[in-house]
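Visitor: First the structure, then my questions, so here it is.
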Amino acid sequence: MHLLDLPLEVVLHIFAQLDPFKIAKYRRVCRSFNKLLMGHPFSNLVGLVHIGDIPNELLFCFVTPACFGERFLTKVQDHVNSVCPGGAFTKYPVNTLNAIPINPVKALDEASMFENFPGVALRRSRNFCLAGPLPSTIGSLTQLTSLNLRSDFLYGPIPRSLGDLIQLTTLNLVNTNVTGPILLELATLANLKELELQHRPLDEEMPDSFGNLVNLEVLNMSSAGLRGPIPVSFRNLVNLVELNLELNELSGTVPDIFGGMSNLQMLELNNNNLEGPIPESIGRCMQLMTLLDLSNNQLSGSVPRSFAGWRRLELLDLSGNHLEGDLPDYFRTSSADKSNIPSGSYGAGEFLQDEGVVVSMDRVRGAGA
């Protein structure tokens, strides 16, 4: 009797007792095998392959039964070779490599994904690094609460199934070569506290639904190819401590949304195409503010009087805009109080009509001597 003559339930039970990644290579034996191995439950499997080493790091890549094979592994190794300095990458023969499934129940963070890998417990002193594309089925790892995948060797599109990881509190894709769009899917991750996507070519607008991420404390999407306006729905992000959207192509006015952000300490909107006045609410909400950078935009008007209440500010940069008028009296203290003036870059005395005036801490103190 041919294996495929058996009832489907029996075939699935047989395959379930075998290594799913080893039997995946048989999917091309015939169309029926391919259909079986590409469907549920095999389609949701995610595994790891140890493809080689670089100095002080073990290098792995994600695999699924659909992609696992010598051609795919060779492509990932070739990518690592193109990024690494000559000779730094020691690759393993692809015909000797095995995939270890990730346990979707026990995988709570990036470290626990390696729990089933032989020898991991004995090599804690070495770092583990990921290469290749993120699997489209990564959303099946539904117990993940933290995903910190910063790596120069990751590339390809960000899987939309990331939006299914509703337990995530931390998502970090810094220093990867993955690409968007993805923000609409990430806006469903209501438990996120830290989202770091800086230096990623997302090339999209921030959706209004980002206002649903009410637990966010750190949002860093600097140099991420963002365009369009800052959503008004950001007013819901009242737990923010750090908001960094610098070095993008954001446009429109800065919405007056900061009044409820009483925990905000760092706000960086510099190097965009933002225009119009500086919102009064920036000054009202930032008793804990240490850094404000609005430089190199198209902002106009005067500096809000509400800025005068800051006492912890360490850096204020409003240069490279079209601001004018007097600074608040707080920045015109007597020489005895000059120590309260934050260091950094801002207009001294009055702003010029067409450009901000950049002044260092030494010059400010010297001017009041």
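The values are calculated or read from the model by the stated rules, or taken from the named source; none is laboratory data. Treat the numbers as computed from the prediction; the structure is a model and nothing was measured. Positions of Cβ are generated from backbone atoms using ideal geometry, with glycine treated the same way; all protein chains shown enter the neighbour counts. For accessibility, only protein heavy atoms count, side chains too; no ligands or nucleic acids. Shrake-Rupley method; radii C 1.70, N 1.55, O 1.52, S 1.80 Å.
Visitor: Heavy atoms only, 1.4 Å probe, whole protein assembly: order Leu237, Leu288 by accessible area, highest first.
Guide: Leu288, Leu237
Visitor: If I model a spin label at Arg160 and Asn273 as a point 7 Å from the Cα along the Cα→Cβ vector, what separation in nanometres do I get?
Guide: Spacing of the two 7 Å Cα→Cβ label points: 2.8 nm.
Visitor: While we're here: Can you give the accessible area of Cys129, probe radius 1.4 Å, in Å² rounded to 10?
Guide: Around 10 Å² of this residue is reachable by solvent.
Visitor: Let me ask something else. Can you give the accessible area of Arg160 in Å² (nearest 10), computed on protein heavy atoms with a 1.4 Å probe?
Guide: 130
Visitor: Keeping all protein chains in position, work out how much accessible area Met289 exposes to a 1.4 Å probe, and write it in Å² to the nearest 10.
Guide: Accessible surface of Met289 is approximately 0 Å².
Visitor: Could you put Asp109, Asp152, Asp317 in order of accessible surface area, largest first, with the 1.4 Å probe and the full protein assembly present?
Guide: The ordering from most to least exposed comes out as Asp152, Asp109, Asp317.
Visitor: Indicate the gyration tensor shape class of the range 155-276 (rounded, prolate or oblate), computed on the Cα atoms with a ≥ b ≥ c the square roots of the eigenvalues: a/c under 1.5 is rounded; otherwise a/b larger than b/c is prolate and the rest oblate.
Guide: Cα axes put the range 155-276 in the oblate bin.
Visitor: Checking the a/c ratio against 1.5 first, then a/b against b/c, what shape does the Cα gyration tensor give for the range 274-319?
Guide: Oblate is the answer for the range 274-319, as a/c is 1.5 or above yet b/c matches or exceeds a/b.
Visitor: Working out 0.36 nm times the residue gap between Lys75 and Glu57, then minus their Cα-Cα distance, what length gain in nm do you get to one decimal?
Guide: Value of the extension gain: 4.5 nm.
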